[in-house]
Ligand SMILES: NC(=O)c1ccc[n+]([C@@H]2O[C@H](COP(=O)([O-])OP(=O)(O)OC[C@H]3O[C@@H](n4cnc5c(N)ncnc54)[C@H](OP(=O)(O)O)[C@@H]3O)[C@@H](O)[C@H]2O)c1
């Protein structure tokens, strides 16, 4: 076991926000990483973290960060790796400044997600896309690098789609999401707008859901990522759930498959052994539920410490081929934990040496 002093020092940008707080919570006892800097906006910079942050999560704010001073979100910082939980509009400049200054940035924002030379990464799904970092280096000349995580709802959808695509090919998908309030950040929506309500609009979300799975399912060819041809139609809704996004998928496959074969594909999804050994890796990234009324965000978002996507209601579809429901914890697997797993993969594959 590594001693505390040999841990890699990391910073959290957007440390006071919904995702930033999750980073702080998850990194408290991380075996490889240690929080050495926190950053926020001009609202928080200069304050102690405990004074700048309205702690929202279960349990107390970790004592080690409570008295740390929140820094402006700019290099230099006494760290090697930067986790970014910044809004996309400010992340564009800030993340590039860090990469330019030699830091490795693991980002949750969408600022660089769609660039051809930036991996949008889920280790269990497309670890080979890390090869894009060579293209990034060649094109941008940064001594550092940016690796992004997908949108939280994409993460919930793409696990079953990947298992199906590997065996049968996924031609078309109808996707309807019911997304938790915490997905809108803190303080998020006014209570009176969301309680007793469903809001059938989340700005920019549907475009992300129609594009991101195609990137994640894409294949590497001569150092470039070729997007999957899958066509996706998405409808995104905000619902009065605190954490955990629910996604209903109807899927048309390229090859005919019996429901039992699909079940087998979901239960036996294969992923690289070195990723299974990373500290934050779940034992199973996908859990197939057989009960009629599962998965539910309240019951299933915490599966495998919030790292497993729960899938259920697998059945035939009279219009496309099959239907299923997926639940993902949006601030854990869909954000901070997913990003930490990305950083662990970068370390394991030698990018932080
Ligand atoms: N919430 C989710 O479920 C989720 C899931 C996946 C991805 N994401 C993405 O993760 C990012 C953070 O989301 P969130 O939900 O955590 O948002 P949030 O709760 O609104 O937090 C935003 C954070 O960014 C900081 N910030 C805002 N403007 C800044 C600026 N100009 N300079 C430096 N820091 C600034 C804020 O600091 P102050 O408090 O100091 O103002 C706060 O710490 C977004 O890109 C979001 O799309 C969110």
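Pairs only if they're at least six apart or on different chains, beta carbon under 6 angstrom, first in segment 246-263 and more than 25 Å from residue 297 (Cα to Cα), second part of a strand (DSSP E or B); list them, first residue then second.
What qualifies is 252/171; 252/172; 254/171.
Among (1) within 15 Å of residue 158 (Cβ to Cβ); (2) at pLDDT 95 or above, which single condition is residue 271 missing?
Residue 271 satisfies every listed condition except (2).
Take the conditions farther than 21 Å from residue 149 by Cα, buried (at least 19 other Cβ atoms within 10 Å of the Cβ), away from the ligand (no atom under 16 Å from the Cβ) and more than 19 Å from the chain's Cα centre (by Cα) and apply them to residue 262. Does it pass?
Details: farther than 21 Å from residue 149 by Cα: yes; buried (at least 19 other Cβ atoms within 10 Å of the Cβ): yes; away from the ligand (no atom under 16 Å from the Cβ): yes; more than 19 Å from the chain's Cα centre (by Cα): yes.
Yes; evaluated as a whole, the condition is true for this residue.
If I go through segment 47-63 residue by residue, how many of them are over 21 Å from residue 188 (Cα atoms) and touching a strand residue (DSSP E or B) at 6+ places or on another chain (Cβ under 9 Å)?
3
Tell me the strands (runs of 3 or more DSSP E) entirely within segment 148-233 that contain at least 2 residues that are within 15 Å of the ligand (Cβ to nearest atom).
Details: elements: 170-179, 219-221, 224-226.
In segment 148-233, the matching strands (runs of 3 or more DSSP E) lie at 170-179.
Please give the number of the condition residue 338 fails out of (1) assigned to a helix (DSSP H, G or I); (2) away from the ligand (no atom under 16 Å from the Cβ).
Of the numbered conditions (1) assigned to a helix (DSSP H, G or I); (2) away from the ligand (no atom under 16 Å from the Cβ), the odd one out for residue 338 is (2).
The values are calculated or read from the model by the stated rules, or taken from the named source; none is laboratory data. Quantities reported herein were computed from a predicted structural model and do not represent experimental measurements. Using ideal geometry, Cβ is built from the backbone for each residue, glycine included, and neighbour counts are taken over all protein chains shown.
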